[in-house]
1. Filtering the range B:207-228 down to residues that are within 21 Å of B:Asn39 (Cβ to Cβ) and not hydrophobic (A, V, I, L, M, F, W, C), which residue is nearest to the chain's Cα centre (by Cα)?
2. Could you list, in sequence order, all residues of the range B:38-77 that are in contact (Cβ under 8 Å) with a residue 60 or more places away in the chain and within 26 Å of B:Leu145 (Cα to Cα)?
3. Of all helices (runs of 4 or more DSSP H) completely enclosed by the range C:250-338, which ones contain at least 2 residues that are within 12 Å of chain A (Cβ to nearest Cβ), at pLDDT below 90 and surrounded by fewer than 24 Cβ atoms within 10 Å (Cβ to Cβ)?
4. Could you check, for the range B:114-121, whether at least one of its residues is within 13 Å of chain A (Cβ to nearest Cβ), of a type in the set (Val, Ile, Thr) and out of contact with any Ser or Thr (no Cβ under 6 Å at 6 or more places or on another chain)?
5. In the range A:130-159, how many residues are in a helix (DSSP H, G or I) and in contact with a Pro (Cβ under 8 Å, 6 or more places away or on another chain)?
6. If you scan the range C:116-148, which residues turn out to be away from chain A (no Cβ under 14 Å) and out of contact with any Leu (no Cβ under 9 Å at 6 or more places or on another chain)?
7. Can you pull out the strands (runs of 3 or more DSSP E) entirely within the range B:16-99 that have at least 2 residues that are more than 22 Å from B:Thr189 (Cα to Cα)?
8. Checking A:Gly180 against (1) touching a Ser or Thr at 6+ places or on another chain (Cβ under 9 Å); (2) surrounded by 19 or more Cβ atoms within 10 Å (Cβ to Cβ); (3) within 13 Å of chain C (Cβ to nearest Cβ): exactly one of these is not met. Which one?
Amino acid sequence: MELFTNQILAGISTGAIYACMALAVVMIYQAIDHLNFAQGEMAMFSTFISWQLMQWGMPYWVAFVLTLAFSFAGGIVIERALFKPLAKAPILTQVAGFIALFSIINSCAGLIWDFTIKQYPTPFGSSPFLGSQLISTHQAGMIGVTVLMLFGLFFFFQYTRMGLAMRAAASLPESARLVGINTSWMIALGWGMAAAIGAVAGMLIAPVVFLEPNMMGGVLIYGFAAAVLGGLTSPLGAVIGGFLVGIFENLAGTYIPGVGNELKLPIALALIITVLVVKPAGLFGRPIVKRV
Amino acid sequence: MTMMLNVKDLRAYYGQVQALHGLTFSLNEGSLTTLLGANGAGKTTTLRAICNMVRSTGAIEFEGAPLSGRSTENIVRLGIAHVPQGRGTFTAMTVEENLQLGAISRRDKAGIVSDIERMYDHFPVLKERHTQQAGTLSGGEQQMLAVARALMLRPRLMLLDEPSFGLAPLVVRDLFKILGKINRDDRVTILVVEQNAQLALELADQAYVIETGRIVMSGGAKDIANNEDVRKSYLGY
Amino acid sequence: MSAAEEVVAEGQAVEAVPKRAMTLGAGTSLLVLAALVLLPLVAKNFIIFQMTMVLIYGLAVLALNILTGGSGQFSLGQSAFYAIGAYASAILMEDFGVNYALTLPIAGLICFAVGYLFGQPALRLSGVYLALATFALATAMPQLLKLGYFEKWTGGVQGLVVTKPDAPFGLPMSQDMWLYYFTLAVTLAIYIFSVNLLRSRSGRAFMAIRDNEIAASSMGVNVALYKTLAFGVSAGITGIAGGLSAIAVQFVAPDSYTIALAISLFLGMVVGGVGWLPGSFVGAAFIIFVPNIAEGISKGLSGAVFGVLLFLVIYLVPHGARQVAIVSQQLLGKLRKN
């Protein structure tokens, strides 16, 4: 029994990573109604920027805030320059665009900062949290920041004019224009916000997985899976999904024989898909009622 | 009498296909006009062209200001509300959120709140369902919601595309009564596209009949309703 | 547009390719075929080998085109079927001494069965969810191939070496040239089969499902049957491509069949033009040659250069090679008029 609870707790702490990434995924989905495969790479690049700023002597929180601003602006620029021209193209073509962006960012990061692993500092320290051997102060800090962002996002989407406008623009762009919303700018803003959230995710994750250009690959997939599990329209679902994915992953690794590190990902995905077959809109997704 | 809307030589295209062949008409301020014609005549295209939702050439002026070159959302912000075919309801959002979205381009919070209350007075069924997901409303209720949402803009001109579509006759009568009231009390100029010519002609003062992208008849609604030849040739009854 | 059409417009993610435009005209097809037949007589062995790979990848992209462009189902898992086909051929040839040509239909059938079975649970998923499910399949495959249980047959991490066949009947041509013609013949057969499939009733059923699943089922199309059939056929063709690759490359190993391959095939489909069968080979050429070109331009930034080239292609022709073909056709039409 104790092993079981330990695995659950361990799963929650790794799950915080996925929850954070999942929030960024849901953010972009709320804005543009599909997923951006280059999001992990953008988060990685932002994290490298913050690392570079610290290498140049800036204190952690200054670098953190500057990186957020840079990421927000960067997200908008990338959308306006690279994806706005593709807005009328078929969705599969846009997906190819995301893949191209992924390739470009990953390659550039590798050239600028090379592929050796770097240490990345945490503002929370890494001592045991409240004396527990399973959760460090950093992981607790990660969970805390993620939950904070979650509340922020929830509040933004449910209770602000801008959030409402963004949701409208993503769900029915033509109707949104008919109430006077500039849907094109809503998309740009969505990208900016998603990039900023991704940057936070990257900066929280890097202390754990170490900073290198390929650090976000696996995390992004788990982030997607968590977002989908939670229901793509629900930030709360994304966070809970993240924790659940962390737990699934850990339990699978511990209790299913023959499952080493390599098979954890497919098994976790298989579990998620099983849930989806039963609940196609995800755990917290609002199934949209369509009258045919 | 000022011209609310002035349309000159409007031609509209879907890709290579030309749907409108030089429409010219105008709407007086405060009038209630109906645009009639058979399926595919170009009625919807006309409304879409006014809001720049389809490629078109020609001059359109709203309260004297030219609309060419403006994006749909900017045209809307000038004070033109468009209730599209199919209603365009935000089905995933609540009734109240749909109304808030109608006013999203306005800055006066107090005015918006009081307008929402006014909408609930006009349409009590919306108040009943104000926290429900809009997609769960019936066709008639969604149409009420679409009209209410358009009114939240405090528009000077309202365009409606086949509001009677898919609705039971009694519901349509109620709806048209409300449209008449809005036109008279709130001084909103209205252009209604309809296939249900009979009811539309009872409601409107002015009427245009359009066929394959051209206006073939215009005049007072009563005159057109009483003209048996016109009714038989163009309106089917 | 009525309320019902509103639902339809929202659901359509894969655009329809008009049936008439699905293939090259007869004249162009014969020209291309002639070029393909004559190529080995003038090219070096290595080029012939690369052309063989273009045909093989082209088949895999074709299979994806049938699945996505034809029946509207997304798949990021084609690399799994490719791997199964490759390993099936390799094991049959090396462990059971089966003739290389015979391994192909067997690999095809095995993959058809796997694809058909996978299609069953996939019925309840679509769009992003199906993409995730197929992604899981693709990431699982290399790991499954490395598992200790199967090492006896799969050769574990090192994989298996495959013997390249000689030209039969003592024909005076190199192994590469023979393999090229053999692959060309198989490709032609599958291409003709696919074109006919998409023109048949089944093909129309696929496309009805792609365009509007609800309407299709209300018209009496057995959606479940055709969706799983599409998966099966697509997997089967991919499996044959995999088998051919095992013979051409002369070895199979788990890390040759990662998610990167599935993503490449997807890119090949987009570059060629989704749903346009001839484009599959243009797309295959893109994914084989452009990464090399990128590396030639800049070794350190090869990924970035590839990304930029990919962007250029999708800006200029968002609908892929099909767009180029249509524009050329229009230009030729104008020239003929003058």
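The values are calculated or read from the model by the stated rules, or taken from the named source; none is laboratory data. Quick caveat, the model's predicted, so the values are computed rather than measured. Don't worry about glycine lacking a Cβ; one is built from the backbone with ideal geometry, like all the others, and counts go over all protein chains shown.
1. B:Tyr208
2. Matches in the range B:38-77: B:Asn39, B:Gly42, B:Lys43, B:Thr44, B:Thr45, B:Thr46, B:Leu47, B:Ile50, B:Cys51, B:Phe62, B:Val76.
3. Values: elements: C:259-272, C:279-297, C:302-316, C:321-337.
The qualifying helices (runs of 4 or more DSSP H) are C:321-337.
4. First pass over the range B:114-121, keeping only residues within 13 Å of chain A (Cβ to nearest Cβ): none.
No, that holds for no residue.
5. Initially, the range A:130-159 is screened for residues in a helix (DSSP H, G or I), giving A:130-131, A:137-159.
Subsequent filtering for residues that are in contact with a Pro (Cβ under 8 Å, 6 or more places away or on another chain) retains A:137-138, A:141, A:150, A:153-154, A:157.
Selection size over the range A:130-159: 7.
6. Filtering the range C:116-148 down to residues away from chain A (no Cβ under 14 Å) leaves C:116-117.
Scanning the range C:116-148 gives a single hit, C:Leu117.
7. Values: elements: B:17-28, B:32-36, B:55-62, B:80-83.
Where strands (runs of 3 or more DSSP E) fall fully within the range B:16-99 and carry at least 2 residues being more than 22 Å from B:Thr189 (Cα to Cα), they are B:17-28, B:55-62.
8. A:Gly180 satisfies every listed condition except (3).
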